[in-house]
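Asks: Take this structure first; my questions come after.
Bear in mind that the values in this text are calculations on the coordinates, not laboratory data. From a predicted model like this one, the values you see are computed outputs, not experimental measurements. Don't worry about glycine lacking a Cβ; one is built from the backbone with ideal geometry, like all the others, and counts go over all protein chains shown.
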Amino acid sequence: MNNNQLEKKLQWSVFLSATIGYGIYYVCRLSINIIKKPLVDSNILTESELGLVGSALFFSYAGGKLVNGFLADRINIRIFMAGGLFLSSIVNIILGFSHSFLMFVILWGINGWAQSIGSPCSVIALTRWFPDDKRGTYYGFWSSSHNIGEALTFVVTAGIVSILGWRWGFESAGIAGIIGSVIILLFLHDSP
């Protein structure tokens, strides 16, 4: 394989792993949306408490975007992105066993921080691996990862919850996130 073929292969590897990986980030971010009604119906959380849990994610996500965007420019994006998704996965798995409002707030806040790692790493990967004249095209396709993640959440996760119960909304998202972390570790490359 010559250098040009190797570069193309690595570019596709980076593009696909960033797209799939970030799509799975969304599965771990949106899992709670599928199980809000079962959580309220089971008297685990009230609607007001769910609002506070959601706020914890948004506030920590906002702060995390500032800090993690800065860090992503300076450290290995493969490890950083995989680590963020792995942390988000562990949070989801733990929440599948939780009944405590305080645990939901703390862990969903941690999830917000972990979620803020995915986008900067993906954008940096595309910037490093694709030339200016092709970057917009690849970025445009990568931006569909949001929709991929939403579709997986609202179809697959919802199907799992309807069969196995609310806990599996978190557990299945966590399992998907661990798989996504492995994909990122194996196929996302820090720089050319």
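Asks: Considering region 10-61 alone, what residues qualify as being among the small types (Gly, Ala, Ser) and either touching a helix residue (DSSP H, G or I) at 6+ places or on another chain (Cβ under 8 Å) or more than 21 Å from Leu164 (Cβ to Cβ) (or both)?
Replies: Listed by number, the residues that qualify are Ser13, Ser17, Ala18, Gly21, Gly23, Ser31, Ser48, Gly51, Gly54, Ser55, Ala56, Ser60.
Asks: Mind checking whether some residue in region 64-73 is in contact with a Gly (Cβ under 6 Å, 6 or more places away or on another chain) and assigned to a helix (DSSP H, G or I)?
Replies: Checked against the condition, which is being in contact with a Gly (Cβ under 6 Å, 6 or more places away or on another chain) and assigned to a helix (DSSP H, G or I), region 64-73 yields no hits at all.
Asks: Still on this structure, please answer the following. Filter region 121-157 for residues that are in contact (Cβ under 8 Å) with a residue 12 or more places away in the chain, surrounded by fewer than 19 Cβ atoms within 10 Å (Cβ to Cβ) and among the hydroxyl-bearing types (Ser, Thr, Tyr) and give the result.
Replies: Across region 121-157, the qualifying residues are Tyr139, Ser144.
Asks: Let me ask another. Kindly indicate whether any position in region 28-35 is surrounded by fewer than 23 Cβ atoms within 10 Å (Cβ to Cβ), more than 13 Å from the chain's Cα centre (by Cα) and under 20 Å from Ile79 (Cβ atoms).
Replies: no
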